[in-house]
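Student: Have a look at this one before I ask anything.
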Amino acid sequence: MSQENVDAHLEAMAAFNRRELDELLGWMAEDIRLHSRFMAVDTRVFDGHAGIREWQAGMTATWESIFLEVERVEVPGAGLTLAIGTLRAKGQVSGVEISEPMAQLVRWRDGKGVE
């Protein structure tokens with residue numbers, strides 16, 4: 001099952017990069033729970049597909065472009081995948097470009113991301 005989760009993680013990240021929200025949601029369980037990497041600024045946890053849509057709308061309003069460049073995906077435990085790579089983004093208003101290391105941990109259940 002771990003290779004299937006790795007493949008699903010890569011597919012979900014590719015959908016995110018293409019801004020294909022419906023495809024991205026297809027990789028997520030209805031009861032998904034998202035803890036944003038921007039928690040220092042926004043402490044909300046986004047629950048369910050409606051929460052993911054809200055989170056995505058905020059990302060689109062903030063970033064003109066955002067891209068997750070994956071270097072590798074590891075399996076740190078049963079039902080988990082950890083993507084390591086680089087986040088590249090350009091601010092919507094400021095035009096400032098950023099590039100920084102990123103990590104994304106996903107808990108999987110029945111082929112769908114749950115957290």
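Student: Using only Cα atoms and rounding to the nearest 10 degrees, what angle (0 to 90) does helix 2-17 make with the longest principal axis of the chain?
Tutor: Here the helix axis deviates by roughly 20 degrees.
Student: Once the Cα atoms of the stretch 1-61 are picked out, what are the Rg and Dmax in Å?
Tutor: Gyration radius and largest Cα-Cα distance of the stretch 1-61: 12.0, 36 Å.
Student: Okay, moving on. At most 16 other Cβ atoms within 10 Å plus a DSSP loop assignment makes a site exposed; report the longest stretch of the chain without any exposed trypsin sites (Lys or Arg not before Pro).
Tutor: 45-115
Student: What do you get when you divide the Cα radius of gyration of the stretch 48-115 by 2.2 N^0.38 Å, with N the number of residues?
Tutor: Relative to the rule-of-thumb radius for its length, the stretch 48-115 sits at 1.29.
Student: Here is a further query. Could you give the accessible area per residue of the chain, probe 1.4 Å, as a whole number in Å²?
Tutor: Solvent-accessible surface per residue comes out at 58 Å².
Student: Follow-up. Give me the percent relative contact order of the chain, please, defined on Cα pairs under 8 angstrom at least 6 residues apart.
Tutor: Relative contact order of the chain: 27 percent.
Student: Rounded to a whole number, what is D in µm²/s for the stretch 1-114 from Stokes-Einstein with the Kirkwood radius over alpha-carbon pairs (25 °C, 0.890 mPa s)?
Tutor: 169 µm²/s
Student: Each residue of the stretch 47-56 in turn: what ³J(HN,Hα) in whole Hz from Karplus with 6.51, -1.76, 1.60 and θ = phi - 60°, glycine and Pro shown as x?
Tutor: 10, x, 5, 4, x, 5, 4, 5, 4, 5
Student: Related question: Ignoring ligands, DNA and RNA, what percent of the 1.4 Å accessible area of the stretch 10-113 is carbon and sulfur?
Tutor: 55 percent
The values are calculated or read from the model by the stated rules, or taken from the named source; none is laboratory data. These numbers come from a predicted model, not from an experiment. Here Cβ is always computed from backbone atoms with ideal geometry, including for glycine, and neighbour counts include all displayed protein chains. Just the protein is used for accessible areas: all its heavy atoms, side chains included, with ligands, DNA and RNA removed. Shrake-Rupley method; radii C 1.70, N 1.55, O 1.52, S 1.80 Å.
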